[in-house]
1. Any number yet on Rg/Rh for the stretch 176-310, C-alpha, Kirkwood?
2. Return one number: the angle in degrees, 0 to 90 and rounded to the nearest 10, between the long axis of the Cα atoms of helix 101-117 and the longest principal axis of the Cα atoms of the chain.
3. If you take the C-alpha gyration tensor of the chain, multiply each eigenvalue by 5 and take the square root, what semi-axes do you get, largest first, in whole Å?
4. Between 0 and 90 degrees, rounded to the nearest ten: what's the tilt of helix 14-23 against the longest Cα principal axis of the chain?
5. Translational diffusion coefficient of the stretch 268-310 at 20 °C, 1.002 mPa s, Stokes-Einstein with Kirkwood Rh over Cα pairs, in µm²/s as a whole number.
6. Helix 282-300 versus the longest principal axis of the chain: what angle, 0 to 90°, nearest 10, using Cα atoms?
7. If you take the beta carbon distance between residue 59 and residue 181 as r and set R0 to 51 Å, what does 1/(1 + (r/R0)^6) give as a FRET efficiency, to the nearest 0.05?
8. Need one number: convex hull volume per residue for the stretch 1-97, Cα atoms only, in Å³.
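Coordinate-derived values only; no laboratory data. Here the structure is a predicted model, which means the values were calculated and not measured. Ideal geometry is used to build each Cβ from the backbone, glycine not excepted, and the neighbour counts take in all protein chains shown.
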């Protein structure tokens, strides 16, 4: 039986590639010296795209694949996939939700602790032979605002409840099942919070939702943590606030223009930085890859998709 042809936009871990190479004929777009020529030569045979959240799948890419049936995304975020085109072209889209929820929530708390307790600065102080540190900021018992009370937001809230945090949240609508206070005004949520944690999905509606007004409301004692997408924050406004001290600090896993982030972040002493690695554990990455493979297998076997988006 002829193996289905799957176009990969970027590398996957070896434990996924080994299995996929046994099941499919893989075309590795990132290895092609001329992507357009590669697609012109092979695009007519491609039935599936296996991509990553950071790479996505543009309308132009999908249009170059006339037999495309499914886009399987290794990651929960689908903002880099043209979902409108996929719907119009009757192309299925899947992602890998749930399996990374715990790790991302853990990272949100870790970045909050790192920014508030100056953990990177303490590490650097010892490595250069010093022992002096300024007083830091307590995390327990503080007012926390969570922006986006979806799976990850709820997991962050569960963790911070153990810190006796006073938790409220902002979202499109109240969550009746949530025990926490709903605040429909993001500026008001920032004003009542010492820590503001972003876990909302990226979309046109959330682009730049944390702007100068929100940062001003968070104030000089406030700490921003972002484990959602860089696009949810007005980054020039954030840099200005960090440089001027109009907010205290930030813990950031996501940025504009990743991985070529603004160099101003690197010289700031009041940030804890991570390279979009919140889901970067062996356990979660294996589970993500398994979901991608399960969705592809279900599609080609004519079974219902495991985690459909479109």
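1. Working: Rg = 18.1 Å, Rh = 16.9 Å.
My calculation puts Rg/Rh at 1.07.
2. 30 degrees
3. Details: eigenvalues 299, 88, 65 Å².
That gives 39, 21, 18 Å for the three semi-axes.
4. Helix 14-23 sits at roughly 20 degrees to that axis.
5. On the way: Rh = 12.8 Å.
In µm²/s, the coefficient is 168.
6. Orientation of helix 282-300: about 30 degrees from the principal axis.
7. Values: r = 41 Å, r/R0 = 0.80.
Plugging the Cβ-Cβ distance into 1/(1 + (r/R0)^6) gives 0.80.
8. Numbers: hull volume 9.6 nm³, N = 97.
Considering the Cα atoms of the stretch 1-97, their hull volume per residue is 99 Å³.
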